[in-house]
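First up is the structure itself, then whatever we jot down about it.
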Amino acid sequence: MKKIKCALIGSGNIGTDLIYKIKRSPVLEPVWMVGIDPESEGLARAREMGLKTTAEGVDGLLPHVLDDDIQIAFDATSAYVHAENSRKLNELGVMMIDLTPAAIGPLCVPPVNLRQHADKLEMNVNMISCAGQATIPVVNAVSRIQSVEYAEIVASLASKSVGPGTRANLDEFTYTTSNAIKVVGGARRGKALCIINPAEPPMIMRNTIYCLTDDEPDHARITESILQMIVEVQKYVPGYKLVNGPIFDGNKVSVFLEVAGLGDYLPKYAGNLDIMTAAATRTAEMFAEEILAGKIQLKAVETV
Amino acid sequence: MSQAANSSNLKGRKVILHDMCLRDGMHAKREQISVEQMVKVATALDDAGIPYVQVTHGAGLGGNSLQHGFAMAPNEEYISAVASRMKQAKVSVLLIPGLGTMKELQAAYDAGARSVHVATHCTEADTSPQHIAYARKLGMDTTGFLMMSHLNDAAGIAQQGKLMESYGAQTIYVTDSAGYMLPDDVKARVGALREVLRPETEIGFHGHHNLGMGIANSIAAIEAGASRIDGSVAGLGAGAGNTPLEVFAAVCERMGIVTGVDLFKIMDVAEDIIVPMMDHVVRVDRESLTLGYAGVYSTFLLHSKRAAERFGVPARDILVELGRKKMIGGQEDMIQDTAMTMAKERGLLKAVA
């Protein structure tokens with residue numbers, strides 16, 4: 001069966017883990033890995049896994065895009081360079097999946113709004129943050145039953161799974177996730193808290209979601225909606241698990257989750273990184289299925 | 001070393017006292033201190049010569065949340081009400097990256113805050129560069145505050161403190177959030193910091209009294225080179241409270257340590273204002289002793305008592321389990337979660353799915 005060819009930009013942990021996930025996909029094929037350091041471990045590993053590599057950044061990839069029929073690119077670099085990367089690739093008709101906090105395209109949480117983005121043929125979608133991917137499905141599961149005045153999420157991450165970029169820019173993580181709780185989660189106000197825990201052995205990612213509903217929550221319907229949503233997420237993140245709740249205190253609904261990764265390149269405790277790569281892969285698959293079925297055709301984006 | 005030798009060594013040493021009643025004390029009051037009460041306490045502390053008064057939600061800037069509770073007023077309202085009344089004291093705030101942000105720091109500054117504890121867990125200093133740099137840009141007295149310091153060894157604390165100094169912190173704190181440390185633990189960490197930090201960088205100590213060591217640990221810190229001590233008048237703070245500041249001031253006077261604080265005045269603040277405000281007597285009791293003994297974040301105390309009531313699992317059992325799972329400050333959600341998991345194991349709660 002024909003597969004849609006992909007390029008991975010950024011040869012760090014996320015980019016490397018993506019190779020494994022994309023290789024497993026029935027509709028995607030990883031072809032190029034883009035880095036900036038010829039000596040990097042990530043590029044060497046990509047070559048071992050059969051990918052073509054360049055250490056010249058996105059500019060090193062551009063001459064090969066048309067010949068190699070690259071249609072989807074994943075950007076796991078940084079917010080600072082994403083806009084340029086996206087512009088250059090969009091011009092060649094490559095659809096961009098943004099794993100940085102740049103968020104120049106619409107925010108995507110697969111079980112909530114991926115279908116909508118595919119239908120609109122968005123050429124750049126943003127994957128928000130690990131905490132966003134882990135918690136927003138639950139916020140949405142509540143807000144699709146009844147209106148949520150305020151949602152708050154707490155993500156606890158293993159210290160070893162949080163890279164230097166996130167650490168140095170923790171406020172961006174907070175702002176991006178808080179905003180997405182509203183825009184995608186459907187709450188009127190949102191707040192995101194993040195805790196980095198250094199325990200050894202490393203703790204598996206934990207997430208707590210609190211929603212305040214306007215009216216008294218319908219316990220049975222909300223519980224059913226949350227359980228359904230968890231099944232949807234488990235389709236691409238098998239280690240997404242309800243630990244406790246939903247539990248109700250007046251208008252407050254609390255849900256306690258654990259997210260274990262697949263342990264591809266990243267260790268299992270790093271569910272936070274795994275849910276990003278898995279959600280990005282799921283997003284690419286949806287676009288790829290539509291392209292292969294002839295339902296959509298990616299077009300070059302003209303820049304003005 | 002004999003007691004007499006200690007006191008003579010410290011004679012004439014200057015130490016800056018920093019009161020925590022209106023921040024750490026918020027935990028002990030379930031965040032329910034009114035603006036009027038804050039102004040009353042702060043003006044009395046100011047009058048007694050306390051140079052720094054910390055004023056915010058117990059969890060600091062951004063603390064108002066379902067996770068940490070909602071205070072009676074926004075942080076900015078507390079800060080501006082207090083700051084506008086201070087004659088000599090500076091108002092300080094707490095900022096924990098991941099909870100509070102630079103936007104909130106700017107708002108606190110605009111409301112009159114001039115000093116900040118930028119707090120991270122004792123191994124995660126590299127989550128604070130943005131916030132420390134921003135505080136310095138605002139011209140604030142800026143502290144790097146290494147929470148749960150017992151969970152990192154002396155060399156590790158020195159390395160983390162050095163990082164915060166490199167971001168711009170002017171003071172580095174050893175913060176005994178669990179009230180677990182003993183004087184030798186404090187000396188080792190403060191001493192290691194003193195060796196690596198620049199001479200002009202100050203060292204602070206923030207104690208909790210869960211093992212009754214608040215005073216002794218603070219003195220040990222000064223012996224090892226600390227010049228700033230956090231405490232709270234009458235000990236109003238999380239767990240068994242902070243180092244009781246009026247007691248500490250009295251000990252300093254006996255030892256010849258110079259604090260510039262009027263001892264009788266803060267004794268009166270403790271007795272006449274703070275103690276009558278307390279919802280429960282802040283003291284070493286079974287649960288707060290468990291915090292100190294098991295090395296658990298002091299703020300977990302009241303949350304665990306609430307979870308114990310609701311799910312029928314004793315608070316001490318929950319606290320010990322949280323210690324075993326190495327939960328750190330900010331993970332208050334894991335208290336209810338842990339209590340629920342324990343209740344299920346004990347057949348007290350049914351699983352939903």
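The values are calculated or read from the model by the stated rules, or taken from the named source; none is laboratory data. Remember, it's a predicted structure, so these values are computed and weren't measured experimentally. So basically every Cβ, Gly included, is an ideal-geometry build from the backbone, and we count neighbours across all protein chains shown.
Quick rundown of the values:
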quantity	calculated
First in the stretch B:95-109 and at the interface with chain A (Cβ under 7 Å from one of its Cβ atoms) and within 19 Å of B:Ser80 (Cβ to Cβ), second anywhere and basic (Lys, Arg) and surrounded by 22 or more Cβ atoms within 10 Å (Cβ to Cβ), Cβ under 9 Å, 6 or more apart	none
Matching residues, the stretch B:252-262, being surrounded by fewer than 16 Cβ atoms within 10 Å (Cβ to Cβ) and out of contact with any strand residue (DSSP E or B) (no Cβ under 9 Å at 6 or more places or on another chain)	B:Glu253, B:Arg254, B:Gly256, B:Asp262
Qualifying residue in the stretch B:62-74 (condition: more than 14 Å from chain A (Cβ to nearest Cβ), of a type in the set (Phe, Trp, Tyr) and surrounded by fewer than 21 Cβ atoms within 10 Å (Cβ to Cβ))	no
Test: residue in the stretch A:39-61 that is touching a His at 6+ places or on another chain (Cβ under 6 Å) and either crowded, with 21+ Cβ neighbours inside 10 Å or without any contact (Cβ under 8 Å) to a residue 12 or more places away in the chain (or both)	no
Enumeration of residues in the stretch B:75-106 that are surrounded by 19 or more Cβ atoms within 10 Å (Cβ to Cβ), within 22 Å of A:Ala168 (Cα to Cα) and not β-branched (Val, Ile, Thr)	B:Leu94, B:Leu95, B:Pro97, B:Gly98, B:Leu99, B:Gly100, B:Met102, B:Glu104, B:Leu105
Boolean, A:Phe256 is among the hydrophobic types (A, V, I, L, M, F, W, C), at negative phi, modelled with pLDDT of 95 or more and touching a His at 6+ places or on another chain (Cβ under 7 Å)	no
Any helices (runs of 4 or more DSSP H) falling wholly within the stretch B:149-259 and containing at least 1 residues that are of a type in the set (Lys, Arg), away from chain A (no Cβ under 14 Å) and within 24 Å of B:Pro97 (Cα to Cα)	B:154-167, B:183-196
Elements of type helices (runs of 4 or more DSSP H) in the stretch A:1-83, at least 3 residues being over 26 Å from A:Ile291 (Cα atoms) and under 23 Å from the mean Cα position of the chain (by Cα)	A:41-48
Near pairs, Cβ below 7 angstrom, 6+ apart or cross-chain, from the stretch B:82-93 (more than 12 Å from B:Leu45 (Cβ to Cβ)) to any residue that is assigned to a helix (DSSP H, G or I) and not aromatic (Phe, Trp, Tyr)	B:Ala83/B:Ala111; B:Val93/B:Ile79; B:Val93/B:Ala108
Residue in the stretch B:48-56 that is assigned to a loop (DSSP other than H, G, I, E, B), within 14 Å of another protein chain (Cβ to nearest Cβ) and closer than 20 Å to B:Gln106 by Cα present	no
Evaluation of A:Ala192 against (1) crowded, with 24+ Cβ neighbours inside 10 Å; (2) over 22 Å from B:Gly69 (Cα atoms) (one fails), failing number	(2)
Residue check for B:Ala308: more than 9 Å from chain A (Cβ to nearest Cβ), modelled with pLDDT of 95 or more, in contact with a Pro (Cβ under 9 Å, 6 or more places away or on another chain) and closer than 28 Å to A:Ile222 by Cβ	yes
Members of the stretch A:165-189 found to be more than 10 Å from chain B (Cβ to nearest Cβ), within 15 Å of A:Ala131 (Cα to Cα) and crowded, with 24+ Cβ neighbours inside 10 Å, listed by number	A:Thr177, A:Ala180, A:Ile181, A:Gly185
Meets criteria (within 11 Å of chain B (Cβ to nearest Cβ), surrounded by 20 or more Cβ atoms within 10 Å (Cβ to Cβ) and touching a Ser or Thr at 6+ places or on another chain (Cβ under 8 Å)) for A:Ile226	no
Positions within the stretch B:314-333 being crowded, with 24+ Cβ neighbours inside 10 Å and either more than 11 Å from chain A (Cβ to nearest Cβ) or in a helix (DSSP H, G or I) (or both), in sequence order	B:Ile318, B:Leu319, B:Leu322, B:Asp333
Residue in the stretch B:97-110 that is among the hydroxyl-bearing types (Ser, Thr, Tyr) and either under 18 Å from the mean Cα position of the chain (by Cα) or not in a helix (DSSP H, G or I) (or both) present	yes
Whichever residue in the stretch A:119-157 is within 12 Å of chain B (Cβ to nearest Cβ) and surrounded by fewer than 23 Cβ atoms within 10 Å (Cβ to Cβ) and, among such residues, is nearest to the chain's Cα centre (by Cα)	A:Tyr150
Qualifying residue in the stretch A:274-297 (condition: under 30 Å from A:Ser147 (Cβ atoms), touching a residue at least 60 places away in the same chain (Cβ under 8 Å) and within 14 Å of another protein chain (Cβ to nearest Cβ))	no
Check on A:Glu232, part of a loop (DSSP other than H, G, I, E, B) and charged (D, E, K, R)	no
